[in-house]
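Heads up, the thing below is written out as structure tokens.
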Amino acid sequence: MIVAIDGPAGAGKGTLARRLAQRFNLAYLDTGALYRAVGVRVLEMGAEPSDPASAAHAARTLDLTSLDSPRLRDEDAGEAASQVAAIPEVRAALLDFQRDFAKNPPSPCTGAVLDGRDIGTVVCPHAELKLYITASAEERARRRTLELQEKGFDVIQERVLADILGRDERDRDRSTAPLAMAGDAIVLDTTEMDADMVFDRAVVLFRSRAEQFAE
Ligand code: CDP
């Protein structure tokens, strides 16, 4: 089974994906970390994340072994990620790795769960289960602010909200693989749901799809 989870910034895709991976023995790929890693590399090179040549070079030579570095979760990494993510050469350079991960998940996993913006539409259009996780921008900003504050960052919710809205707009409006709902995705609006409710709902959906595919 391949599970594709898409949605805007701070909707809770990562939390859900991690829990599904653990419950159903799936390999998990946080595709946002790929774009964040490219963005951080460009910053470290002293270049502009919006510069296509630098970003494409960073994507083509990316070290895929450091995707869980805490540096990638910083706010400036998210901002740089959304700038490099709008560059078609960057997306092209990362596509094969993502598709290969989904098709050949590291053993002993029996499937894969990927989260991002274009998983159900571009990376894995044949995924057996597609979820689109969303929530109001205010609620997403509230959750992201708490997450950052727990990590010791001194952030203000209004600022986080402005960043999220800016990133959403850029992700939706870009011409290559924009943030979009696949026609066959199931939408979960989590504004009024806590993480356990979202997980329980996704477990039911996963089981029902797995039964369908076993028939
Ligand atoms: O965790 P959060 O939702 O804030 O962001 P993320 O999933 O780590 O993604 C960071 C940025 O990478 C997004 O704002 C997108 O611009 C980009 N991204 C993308 O374009 N395509 C993906 N499949 C995943 C992320």
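The values are calculated or read from the model by the stated rules, or taken from the named source; none is laboratory data. As the structure is a computational prediction, the values presented were derived from the model and not from experiment. All Cβ positions, glycine included, derive from the backbone under ideal geometry; neighbour counts span all protein chains shown. Remember, those area values only see protein heavy atoms, side chains included, never the ligands or the DNA or RNA. Shrake-Rupley method; radii C 1.70, N 1.55, O 1.52, S 1.80 Å.
Overall, the chain carries a charge dipole of about 460 debye about its Cα centre when +1 sits on the Cβ of Lys and Arg and -1 on the Cβ of Asp and Glu, all other atoms neutral.
Shape of the stretch 105-151 from the C-alpha gyration tensor: oblate (a/c of 1.5 or more and a/b not above b/c, with a ≥ b ≥ c the square roots of its eigenvalues). Once the cut-off is 21 Å, how many percent of the Cα-Cα pairs in the stretch 88-185 end up in the long-distance tail? The proportion of pairs with Cα distances above 21 Å equals 48 percent. A straight Cα-to-Cα reach below 28 Å connects Lys151 with the lysines Lys13, residues fewer than 8 places away in its own chain not being considered.
Given the Cα-Cα distance of Ser107 and His126 and 0.36 nm per residue of separation, how much length would full extension add, in nm? Before the final figure, lay out each step's value.
Working: separation 19, 0.36 × 19 = 6.84 nm, distance 2.11 nm.
That works out to 4.7 nm of additional length.
Think of the stretch 2-214 as having a plus end and a minus end, set by charges on the Cβ of Lys, Arg, Asp and Glu; of Pro125, Met197, Thr176, Pro125 sits farthest toward the positive end of this dipole.
Provide, for q = 0.18, 0.19, 0.28 Å⁻¹, the log10 of I(q)/I(0) from a solvent-free Debye sum over equal Cα point scatterers in the stretch 149-215. Summing over Cα pairs of the stretch 149-215 leads to -1.00, -1.03, -1.12. For the chain, the fraction of C-alpha pairs more than 31 angstrom apart is 16%.
Using the 1.4 Å probe convention, the accessible area of the chain works out to 49 Å² per residue with neighbouring protein chains retained.
Helix screen, the chain: DSSP H segments with Cα axial length of 18 Å or more and mean Kyte-Doolittle hydropathy at least -0.5 are 31-44, 88-103, 195-214. For Cys109, Cys124, the ranking by accessible surface with the largest value first comes to Cys109, Cys124, using a 1.4 Å probe. Note on the stretch 1-72: the alpha carbon radius of gyration divided by the globular reference 2.2 N^0.38 Å gives 1.27. Legend: residues Ser107, Ser69, Ser82, sorted from most to least accessible area (1.4 Å probe; ligands, DNA and RNA excluded), read Ser107, Ser69, Ser82. Each label point was placed 7 Å from the Cα along the Cα-to-Cβ direction; for Phe97 and Glu169 their separation is 3.0 nm. Between Leu165, Ala141, Gly7, the Cα set farthest toward the positive side of the dipole of the chain (charges on each charged residue's Cβ, about the Cα centre) is that of Gly7.
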